[in-house]
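Quick notes on the structure that follows.
The values are calculated or read from the model by the stated rules, or taken from the named source; none is laboratory data. Just so it is clear, the model here is predicted, and its values are computed rather than measured. Positions of Cβ are generated from backbone atoms using ideal geometry, with glycine treated the same way; all protein chains shown enter the neighbour counts.
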Amino acid sequence: MLGISELRLTNLLFDMDEDGIATVTLNRPTKRNALNAQTIEELIGVFTALPSTGARAVVLKASGPHFCAGLDLVEHGREERSPAEFMRICLRWHEAFNKIEYAGLPVIAALKGAVVGGGLELASSVHIRVMDETTYFGLPEGQRGLFTGGGATIRVPALIGKARMVDMMLTGRLYSGDEAVNVGLAQYRVADSEAKAYELARTAAQNTPLSNFAVCSAISHMQNMSGFDAAYAEAMVAGIVNTQEAAKGRLSSFARGTANKIKPD
């Protein structure tokens, strides 16, 4: 497995600060950060390597005014791929987005402008989505003679329900503003999505790494199980996480009454 420093990144930028907050930036602004095959491979490389870097949380953001306009349709039309070739491309998209969702690091997306098609598939694979006033969400595949191939049928209904996703694909309906938050496409709507994403990343980074690993991987796995199997898996994960050495000082603080109180501001 290549380390981050060994990756040759052309469509992504990577940085990590002294607090372990990593930044992954989509960097094709003239293409509205559309996802071509090279970008997908770079996402796979970066998110495969991230857990071994010491990162404690990740902010996923984009250069330019748009987060991501989805599949690079120019490349797709030019390549004239066969069904088998495009199926393999889709499987690489699944690999990239699974790395984001299941790697066990909190990933917070700073959204702006277009979050459409494959851009929404990418955004739906992160753990927290922060939108600004320019952000809009769509699934325009139906109008372009296409169908989703990067996990929208798995993740988007989990956020907003099957009926809303079908509506988006059949009619081109867009969501923005408070409506987008209310239906579940984003958890936060703010003036500056990047600033809020970093604030949330730093908050999450204060948790123990093992607790974050469980939150950012086990919950997704358990959603794929039957209720009976998920209950068993939850007990197993709780047995490991809730007895971790790193939590003992926090539990002692709670017992002494010196821990932060959980209460509204």
Checklist outcome for this item: Flagged in the stretch 196-217 as more than 17 Å from the chain's Cα centre (by Cα) and of a type in the set (A, V, I, L, M), in numbering order, are L210
Checklist entry - Which ones in the stretch 162-200 are touching a Pro at 6+ places or on another chain (Cβ under 7 Å) and of a type in the set (A, V, I, L, M, F, W, C)? => result M165
Item to check | Number of the exception - F137 against (1) of a type in the set (F, W, Y); (2) farther than 26 Å from L105 by Cα; (3) within 20 Å of the chain's Cα centre (by Cα) | outcome: (2)
Checklist outcome for this item: Of all helices (runs of 4 or more DSSP H) fully inside the stretch 8-126, the set with 2 or more residues that are in the same structural domain as G149 (by TED's automatic domain parsing) and of a type in the set (S, T, Y) is 37-49
Next on the checklist: Go through the stretch 140-153 and report how many residues are in a loop (DSSP other than H, G, I, E, B), within 20 Å of the chain's Cα centre (by Cα) and either surrounded by fewer than 20 Cβ atoms within 10 Å (Cβ to Cβ) or not small (G, A, S) (or both).
Outcome noted: 2
Item to check | Matching residues, the stretch 87-118, being over 30 Å from P209 (Cβ atoms) and out of contact with any helix residue (DSSP H, G or I) (no Cβ under 8 Å at 6 or more places or on another chain) | outcome: M87, R88, C90, G113, A114
Item to check | Flag for F14 being among the aromatic types (F, W, Y) and crowded, with 22+ Cβ neighbours inside 10 Å | outcome: no
Checklist entry - What are the residues in the stretch 61-83 that are surrounded by fewer than 16 Cβ atoms within 10 Å (Cβ to Cβ), basic (K, R) and touching a helix residue (DSSP H, G or I) at 6+ places or on another chain (Cβ under 9 Å), if any? => result R81
Item to check | Count of the stretch 17-36 residues which are of a type in the set (V, I, T), surrounded by 20 or more Cβ atoms within 10 Å (Cβ to Cβ) and over 17 Å from the mean Cα position of the chain (by Cα) | outcome: 0
